[in-house]
């Protein structure tokens, strides 16, 4: 079955630091890959989406690139702000069904 | 703006009791989902639905039932609640297959004592 792995459970940075969150996935279908962000007291919300057609997504200063060779989908941002503190989920989907598979999440804390 | 509303937002239940978590969406989406969120596990899919009358098992369906009586409503039912089902539950809706955005509610915190 499908699987998603986020090895970094927690990341702590200072403002203006570079952010890199690692994600790898496994599926037998053509993947659509998402990053969702969850703020305290809220449900997850879409940050960005990437398909095999476009390979890269950019939103709110965040960027993610899909690499078919390494089955990776890393999230990065050049300069984080305190308001970016949240939990980030790497999510795998495909058009062969409705299921979405979530990674374990990465809690980002940005110190002012 | 997509809207998914969960009720109740907080619930304390006794072991062995029946619990029903409700979800309503005003997006006219075909697909609806129930996830639970636990530290270290992220979100895990319990049940999902392709439309009224349809329910499908997700990755962790044991101990849970689901009901989709209409396009708008999707319920999660714990017939015999256990302390291991203490968690935060999220409902979500999506327009079609898993290559499109889904919209989440704010969650229900369930404590089984």
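The values are calculated or read from the model by the stated rules, or taken from the named source; none is laboratory data. Please read all numbers here as calculations on a predicted model, not as lab measurements. Note that each Cβ is placed from the backbone with ideal geometry, even for glycine, and that neighbours are counted across all protein chains shown.
Suppose we keep only residues that are assigned to a strand (DSSP E or B) and closer than 26 Å to residue B:34 by Cα within segment A:101-112. Which one would you say is nearest to the other protein chains (Cβ to nearest Cβ)?
Filtering first and then ranking leaves A:102.
Which residue, of A:37, A:110, is under 30 Å from residue B:55 (Cβ atoms) and modelled with pLDDT of 95 or more?
A:37
Residues that are within 11 Å of chain B (Cβ to nearest Cβ), assigned to a strand (DSSP E or B) and surrounded by 20 or more Cβ atoms within 10 Å (Cβ to Cβ): does segment A:24-32 have at least one?
Within segment A:24-32, one or more residues are within 11 Å of chain B (Cβ to nearest Cβ), assigned to a strand (DSSP E or B) and surrounded by 20 or more Cβ atoms within 10 Å (Cβ to Cβ).
What number of residues within segment A:33-56 are over 22 Å from residue B:105 (Cα atoms) and either within 12 Å of chain B (Cβ to nearest Cβ) or outside any strand (DSSP E or B) (or both)?
Summing the residues that are over 22 Å from residue B:105 (Cα atoms) and either within 12 Å of chain B (Cβ to nearest Cβ) or outside any strand (DSSP E or B) (or both) in segment A:33-56 gives 6.
Which residues, counting only those in segment B:71-113, are touching a strand residue (DSSP E or B) at 6+ places or on another chain (Cβ under 9 Å), farther than 19 Å from residue A:99 by Cβ and in a loop (DSSP other than H, G, I, E, B)?
B:71, B:72, B:79, B:81, B:82, B:86, B:106, B:107, B:113
Could you please find all residues in segment A:60-100 being part of a loop (DSSP other than H, G, I, E, B), within 14 Å of another protein chain (Cβ to nearest Cβ) and either in contact with a helix residue (DSSP H, G or I) (Cβ under 7 Å, 6 or more places away or on another chain) or free of Cβ contacts under 8 Å to residues at least 40 places away in the same chain (or both)?
A:97, A:98
Among the numbered criteria (1) within 11 Å of chain A (Cβ to nearest Cβ); (2) touching a helix residue (DSSP H, G or I) at 6+ places or on another chain (Cβ under 9 Å), which single criterion is violated by residue B:57?
Unmet condition: (2).
Going by the conditions given, is residue B:96 within 11 Å of chain A (Cβ to nearest Cβ) and modelled with pLDDT of 95 or more?
Taking the combined requirement at face value, the residue does not satisfy it.
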